[in-house]
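Data first, discussion second: the structure below is written as structure tokens.
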Amino acid sequence: MDHQSSRGLQQFKNSVGIKFQLYNSLFTSLPFHRIEKTGILLSLLLNICEDGYSQKQSPTEIIDNFFAKHTSYTDQKEKLDLLFRFIQFVERQIVLFDALEDAAFKDVQDMGGIGSLKQLENEVIQSNKEEALKAKLKDFAVRLVLTAHPTQFYPGSVLGIINDLSKALAENNATLINMYLLQLGKTPFFKKIKPTPYDEAVNLIWYLENVFYPAAGRITTFLKKQFTEAINPDNPIMFMGFWPGGDRDGNPFVTAETTLKVADALRGGILKCYYLEIRRIRRRLTFKVVETLLGELELELYNNVFIPGERTELTKEKIVAKLMKAREALIYQTEGLFLDLIDNLINKVQLFGLYFATIDIRQESTALSNSLNSIAANTDALPKAFETFDADKKIATLTGITKAVKEDTVLKDPLFNDTIQSIKAIKTIQKYNGELGCNRYIISQCNSALNVLEVYGLFLLCGWKPEELTVDIIPLFETVDDLQNAAEIMKTLYTNKVYAAHLKRRGKRQTIMLGFSDGTKDGGYLMANWGIYKAKEELTTISKEYNIDVVFFDGRGGPPARGGGKTHKFYSSMGKNISDQEIQLTIQGQTVSSNFGTIDSAQFNLEQLLHAGISNDLFNSREITLEKDEDALLQQLANESFTKYNTLKNHPYFADYLTQISPLRFYSETNIGSRPAKRSGSVKLSLKDLRAIPFVGAWSQLKQNVTGYYGVGAALEEMHKQGKFNKLKELYKNSMFFKTLLDNCEMAMIKSYFPLTEHLAKDPKYGEIWGMIHDEYELTKKYIFLLSGKKELMSDYPVDQMSIAMRERIVLPLLTIQQFAIARIREIEDAGTTSPFKETYEKLIMRSSFGIINAGRNSA
């Protein structure tokens, strides 16, 4: 273990481990509703769970033994009531642990160490790379796109307590800590109704205002101070993106009205930030002229934020111009006293404009095709026979549109109406928030060039002129097949004269989104990651051929199975055969609060991404990520892994196992997100329709995490049999890409716990499939240890390793309660009987999900 890791681990033990034991002991004495001593009974259950699983007992046996031997309860209703109290208690233990980690972040992590901008500064100066940095920063940027994907179970009130509690913990303020713990005990965690898309947007705007606004301000100020000559004033370096209110893929609750409402909230949010900052800095900037200019700006911002319906002709340029006047006056009058206060604000205005975050519009390809068919059938804007045209004829028709749909056209088809209105809404948003307020249209499940040109045609049908189309059309490739076909699809688009002209007007830059989640669901962990790497390589080559700057937008989730984990290391590992124009990625649900929940953690993780993108270009001498023989080796690994994963996925009981053993079928009832768990409304489980989040989340709650490692062990074993294992060892040693792939695999594995479901090993129906998963887990662990020389999973990351171990122990009673309830429901359904407690068992399953997912921090 290196010195930095050792220091961080000791700090974690002191600031998180020991303090958790201390404050948790206060927790155990708090009365929870009618039952005193809930915490003491819970501690007893935890010990019984650990002992029971070591003796290969099932969750049902453990719970039954607990009640029989350690309580006097005989009434079933009282027993279930106690289990609900345990769930409430564990939820609050997890909040305490989250708050402790947040409070200790700055002490545990080296804010100026490896991967920081401070390190970048030292590297650039020592290597005389100032000119190279200037060239890089001319157009390089990091774009974080906040999504509304439902992996965040904390309601806003609880997030507020976590924020306040972490501050009190950092200050060791015992009085406040005690008050917040009491508040936590009485604050409900459960959402009785689903949030609307607007609710989701408001929750994330809180992070923009309270975390990203100050964190991004710190970073831009540092960069401009240290590298004044290198900064391009026309390139903000960081962009924020936003999906709530714009992402209508499979979410019928997102409408054009929602999109406009969210855009208005984003504009109001950033203007409020400017207004509050001006009020704050005016306390220092009390000088003639300066005070007058800031007072005028404060009043105009106040009118725009707080007076309903008031929208003055305010623009980013107008705000910056007034601040620059104040800056000049300050230098003239005071020789620059408190100049940094104005500079910091100017940096933020240049960064966030009037839009705060760009709303991306996203829709699924078949929905767009159906909208065009509705237009053809019900208007004269397209030929009546349009639906019967082949792809080439449709493309010719769509790129040659000269007639728009009439303004007042309204059809019975709500999908058509929303498609048209949302495209029109983009113009309105650009008018008030600026072009960056909404200038990207993403097509999910994109599988042809026609899908992209359908969007282009829809814009023309909505009255946009080709030369005025200030929107980037972004295909999203997700499945294994779509990733393999992506380069050919883009070649078709690059060679289409109309689309090529559109790209020319957009600066010859094409953004392409690549989805990790559905790829993993479709092809397993290795094939999904390899498929995306190969797609990027091919797309980089084809784009260079047509003189197009390609930008990759990664659709990453929290866990490794959805492209999460040690994300910055993937970007650091790329050679020059992969375009690195920008780093763009989605930040989803839990990952927002766990990686970007405080100003310090947001700054740290933003710096890691910026450093990865910049230093990889400046100091990386690799022309290609992998040599030809290494590429062939990984291709073979991916193929072997894919075959193994498909064997599991095609098992006759695969779908039954997921629905009967995991909490999957109860996922949509948790009320954590506005979006349904499936794209279609069919009752029967279809993997194609099933969202990746509930799919990955179900495996996570089962503590089997299939999507993070399945097929890896079998692939490594096959390489061993073929005498190629030494080559793999060399690859692991020399390729950060391959090592990071396996590091993330270890993260998925360390969060697995097979004793929870070991009773299924002898189940007549599910025993075989449980055995397949368990054997593959053990095989993968064996070969990762052989490859790396490690003896423990995640031993390279001791702080993360300890954090996960503590979280998994806290949540063990919840896992046991959930599996107990699932087993009881299975018994009732298998017997074909009814039970007055079935609904209560379902609620137990659902409520347990909250704590299990929250404890994992990047579980779904």
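Scanning region 189-212 for residues that are in contact with a helix residue (DSSP H, G or I) (Cβ under 8 Å, 6 or more places away or on another chain), over 16 Å from N163 (Cα atoms) and either free of Cβ contacts under 8 Å to residues at least 60 places away in the same chain or not in a loop (DSSP other than H, G, I, E, B) (or both) turns up P197, Y198, A201, V202. Please determine whether any residue of region 333-350 is in contact with a Cys (Cβ under 9 Å, 6 or more places away or on another chain) and open to solvent by less than 40 Å² (accessible area, probe 1.4 Å). Looking through region 333-350, at least one residue is in contact with a Cys (Cβ under 9 Å, 6 or more places away or on another chain) and open to solvent by less than 40 Å² (accessible area, probe 1.4 Å). Checking the stated criteria, S127 turns out to be open to solvent by 20 Å² or more (accessible area, probe 1.4 Å) and either over 27 Å from P798 (Cβ atoms) or small (G, A, S) (or both).
Among the residues of region 219-236, write down those that are part of a helix (DSSP H, G or I) and surrounded by fewer than 20 Cβ atoms within 10 Å (Cβ to Cβ). Of everything in region 219-236, those that are part of a helix (DSSP H, G or I) and surrounded by fewer than 20 Cβ atoms within 10 Å (Cβ to Cβ) turn out to be T221, F222, K224, K225, Q226. Conditions: (1) open to solvent by 10 Å² or more (accessible area, probe 1.4 Å); (2) of a type outside the set (G, A, S); (3) over 22 Å from R218 (Cα atoms); (4) in a helix (DSSP H, G or I). E313 meets all but one. Number of the miss? So E313 meets the others, but not (4). Filtered by the rule that a residue be in contact (Cβ under 8 Å) with a residue 40 or more places away in the chain and either of a type in the set (D, E, K, R) or crowded, with 20+ Cβ neighbours inside 10 Å (or both), region 283-305 gives R284, L285, K288, V290.
Here is a yes/no grid of residues against (1) charged (D, E, K, R); (2) crowded, with 20+ Cβ neighbours inside 10 Å; (3) over 34 Å from the mean Cα position of the chain (by Cα):
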{"position": "L354", "(1), (2), (3)": "no, yes, no"}
{"position": "Q363", "(1), (2), (3)": "no, yes, no"}
{"position": "L368", "(1), (2), (3)": "no, yes, no"}
{"position": "N378", "(1), (2), (3)": "no, no, yes"}
{"position": "I401", "(1), (2), (3)": "no, no, yes"}
{"position": "A404", "(1), (2), (3)": "no, no, yes"}
{"position": "P414", "(1), (2), (3)": "no, no, no"}
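Evaluate region 831-839: report whether one residue or more is open to solvent by 10 Å² or more (accessible area, probe 1.4 Å) and in contact (Cβ under 8 Å) with a residue 60 or more places away in the chain. Yes. Selection within region 251-264: residues that are among the hydroxyl-bearing types (S, T, Y) and modelled with pLDDT of 95 or more. The member of this set that is least open to solvent (accessible area, probe 1.4 Å) is T259. Of the numbered conditions (1) open to solvent by less than 40 Å² (accessible area, probe 1.4 Å); (2) without any contact (Cβ under 8 Å) to a residue 60 or more places away in the chain, I817 fails exactly one; give the number of that condition. Failing condition for I817: (2). Scanning region 745-767 for residues that are surrounded by fewer than 17 Cβ atoms within 10 Å (Cβ to Cβ) and among the charged types (D, E, K, R), we see that the one that is nearest to S54 (Cα to Cα) is E758. Among the residues examined, V142 qualifies as part of a strand (DSSP E or B) and open to solvent by less than 60 Å² (accessible area, probe 1.4 Å). Listed conditions (1) open to solvent by 80 Å² or more (accessible area, probe 1.4 Å); (2) touching a residue at least 24 places away in the same chain (Cβ under 8 Å); (3) of a type in the set (A, V, I, L, M) are all met by L436, apart from (1). Contact map, region 67-83: first residue touching a residue at least 12 places away in the same chain (Cβ under 8 Å), second residue among the acidic types (D, E) and open to solvent by 40 Å² or more (accessible area, probe 1.4 Å), Cβ cut-off under 8 Å, separation 6 or more or different chains; the map is empty. Residues that are of a type in the set (G, A, S), part of a helix (DSSP H, G or I) and within 14 Å of the chain's Cα centre (by Cα) within region 587-613 comprise S593, S594, A602, listed in sequence order. Looking only at region 78-107, how many residues end up being surrounded by fewer than 16 Cβ atoms within 10 Å (Cβ to Cβ) and either touching a Phe, Trp or Tyr at 6+ places or on another chain (Cβ under 6 Å) or more than 21 Å from P188 (Cα to Cα) (or both)? The total comes to 0.
Could you grab the pairs with beta carbons closer than 8 Å, sequence gap of 6+ or different chains, first residue in region 113-138 and touching a residue at least 24 places away in the same chain (Cβ under 8 Å), second one part of a helix (DSSP H, G or I) and open to solvent by 80 Å² or more (accessible area, probe 1.4 Å)? Pairs that qualify, where the first residue is touching a residue at least 24 places away in the same chain (Cβ under 8 Å) and the partner is part of a helix (DSSP H, G or I) and open to solvent by 80 Å² or more (accessible area, probe 1.4 Å), are V124/E130. Comparison of Y207, Y180, Y198, Y213 shows that the only residue that is in contact with a Cys (Cβ under 8 Å, 6 or more places away or on another chain), at negative phi and modelled with pLDDT of 85 or more is Y213.
When restricted to residues that are part of a loop (DSSP other than H, G, I, E, B), modelled with pLDDT of 95 or more and surrounded by fewer than 12 Cβ atoms within 10 Å (Cβ to Cβ), region 23-76 contains 2.
Checked against (1) outside any helix (DSSP H, G or I); (2) open to solvent by 20 Å² or more (accessible area, probe 1.4 Å); (3) free of Cβ contacts under 8 Å to residues at least 40 places away in the same chain, E467 passes all but condition (1).
Quick check on S444: is it under 24 Å from D522 (Cα atoms) and in contact with a Leu (Cβ under 7 Å, 6 or more places away or on another chain)? Answer is yes for this residue. Looking at R267, R280, R248, which is the one that is open to solvent by 20 Å² or more (accessible area, probe 1.4 Å) and basic (K, R)? Criteria check complete, one pass: R280. Taking region 494-547, which residues are crowded, with 20+ Cβ neighbours inside 10 Å and among the aliphatic types (A, V, I, L, M)? Passing the criteria: L503, I512, M513, L514, L526, M527, A528, I532, A535, L539. Would it be correct to say that A170 is open to solvent by 50 Å² or more (accessible area, probe 1.4 Å), touching a Lys or Arg at 6+ places or on another chain (Cβ under 9 Å) and in contact (Cβ under 8 Å) with a residue 60 or more places away in the chain? The answer is yes for A170. Say whether the condition of being assigned to a helix (DSSP H, G or I) and either within 34 Å of the chain's Cα centre (by Cα) or among the charged types (D, E, K, R) (or both) is met by at least one residue in region 327-334. Among the residues of region 327-334, at least one is assigned to a helix (DSSP H, G or I) and either within 34 Å of the chain's Cα centre (by Cα) or among the charged types (D, E, K, R) (or both), which makes the answer yes.
Taking Q4 as the residue in question, decide whether it is in a helix (DSSP H, G or I), modelled with pLDDT under 90, exposed (fewer than 15 other Cβ atoms within 10 Å of the Cβ) and not small (G, A, S). Yes; evaluated as a whole, the condition is true for this residue. Taking the criterion of being more than 25 Å from N232 (Cβ to Cβ) and either in a helix (DSSP H, G or I) or in contact with a Pro (Cβ under 8 Å, 6 or more places away or on another chain) (or both), would at least one residue in region 339-361 satisfy it? Checking region 339-361: not a single residue is more than 25 Å from N232 (Cβ to Cβ) and either in a helix (DSSP H, G or I) or in contact with a Pro (Cβ under 8 Å, 6 or more places away or on another chain) (or both). Only one of these is closer than 28 Å to S444 by Cα and among the charged types (D, E, K, R): K261, K348. Name it. Exactly one residue qualifies, and that residue is K261.
The values are calculated or read from the model by the stated rules, or taken from the named source; none is laboratory data. All of these numbers come straight from a predicted model, not from anything done at the bench. Neighbour counts are summed over all protein chains in view; Cβ atoms, including those assigned to glycine, are modelled from backbone coordinates with ideal geometry. For the accessible areas, the whole protein counts, side chains as well, though only heavy atoms, and no ligand, DNA or RNA atoms are used. Shrake-Rupley method; radii C 1.70, N 1.55, O 1.52, S 1.80 Å.
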